[in-house]
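Inspection log for the structure reproduced underneath, given as structure tokens.
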Amino acid sequence: MLLTERRIADPAIGRRRVAWIVLCALIGNQAVTVAAPPPADPGEFFESQVRPLLVDTCFKCHSDKKAESSLRVDSRAALMQGGDNGPAINPGNPKQSLLIQVVSHQADIEMPPDGELTGDQVAVLEKWIEAGAPWPGEVATAPRARSGEPTDEERKFWSFQPIADPLVPTASQISNLKFEIGHPIDAFIAVKLAAKGISQVAPADKHPLLRRATFDLTGMPPTPGEIEAFVDDSSPDALAKVVDRLLASPAYGERWGRHWLDVVRYADTAGETADYPVREAWKYRNYVIKSFNDDK
């Protein structure tokens with residue numbers, strides 16, 4: 001019998017040969033995966049594989065709605081900026097990217113907290129970073145480092161300008177506009193309306209005027225008694241007295257404090273001590289309301 005025939009006839013030798021072939025095939029496949037070329041269309045690769053992966057596994061804790069550890073992953077700039085632990089990605093170098101170290105559990109921090117990413121998912125992120133971390137719609141540059149002082153261009157921003165009293169339009173500027181001017185603010189409005197070809201409407205009657213002021217300042221309609229008192233008040237400062245009364249109402253702070261609370265994304269469910277995990281959040285809400293009512 002030939003040597004090859006004896007090897008084939010020997011079951012142990014056959015099993016070893018099969019195992020060796022399978023092992024070589026696996027190694028070969030792994031080598032192909034590691035050496036895979038960069039995506040032909042980085043934008044399509046990002047939109048079809050990278051963005052859905054980030055949305056499904058990272059956005060819940062690291063986006064504009066919530067940024068744990070001061071980290072957001074909803075833009076390339078945010079990933080480059082990083083969070084409390086430094087930049088999350090190093091474009092072109094997956095091994096030196098904290099994002100890869102974290103999701104592959106090679107760092108002290110292991111994410112996502114509710115389950116480890118698969119090898120294929122980590123490979124997607126590695127390929128994306130190795131290709132330069134392209135993010136369609138964003139300029140592929142790192143955020144400019146702050147020097148601590150604003151630039152000349154930044155100093156021109158409106159909120160950095162000193163407060164100044166604008167010149168009130170003169171009588172000659174508005175004499176031919178046929179607008180009633182009872183307050184300097186009316187003069188500014190008249191000039192703007194005239195420039196846009198808009199005519200001035202007739203002054204509102206007392207009833208709708210009171211409704212507008214009350215809804216605007218407190219978010220609630222006036223009571224029948226308040227309507228009657230205002231309609232019967234013929235003094236020239238009747239509206240001023242209404243405005244002062246509304247500004248002194250606790251409802252004023254509740255109405256206008258809400259806008260600031262929206263800006264800082266405040267929310268509660270029970271309104272007192274039952275909101276987990278920040279049971280004292282209501283104190284901040286009350287502080288904002290009081291600050292408006294105190295004209296702070």
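The values are calculated or read from the model by the stated rules, or taken from the named source; none is laboratory data. Since we're looking at a predicted model, the values are computed, not measured. Please note: Cβ atoms are built from the backbone with ideal geometry, for glycine as well, and neighbour counts cover all protein chains shown. Just so you know, the surface numbers come from the protein's heavy atoms only, side chains and all, with ligands and any DNA or RNA stripped out. Shrake-Rupley method; radii C 1.70, N 1.55, O 1.52, S 1.80 Å.
See the values below:
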| item | result |
| --- | --- |
| Estimated vicinal HN-Hα couplings, Hz - segment 229-239 in sequence order (Karplus 6.51, -1.76, 1.60; Gly, Pro = x) | 5, 6, 5, 7, 8, 9, 5, x, 9, 4, 5 |
| Potential lengthening between A229 and A164 on full extension [0.36 nm per residue; Cα-Cα distance subtracted] | 19.5 nm |
| Ordering of 107-113, 212-218 by packing [mean C-beta count within 10 Å, highest first] | 212-218, 107-113 |
| Accessible area in square angstrom per residue, segment 158-274, 1.4 angstrom probe | 74 |
| Calculated FRET efficiency for the pair K283/Q106, C-beta based, R₀ 51 Å, to 0.05 | 0.80 |
| Length added when fully stretched, K241-N93, from 0.36 nm per residue minus Cα-Cα | 46.5 nm |
| Global form of segment 43-146, assessed from the alpha-carbon gyration tensor, a/c cut-off 1.5 | rounded |
| Whole-percent carbon and sulfur share, accessible surface of segment 184-296, 1.4 Å | 60 |
| Residue pairs, from the table K60/K296; K206/K283; K156/K283; K66/K283, whose Cα atoms sit over 28 Å apart | K60/K296; K206/K283; K156/K283 |
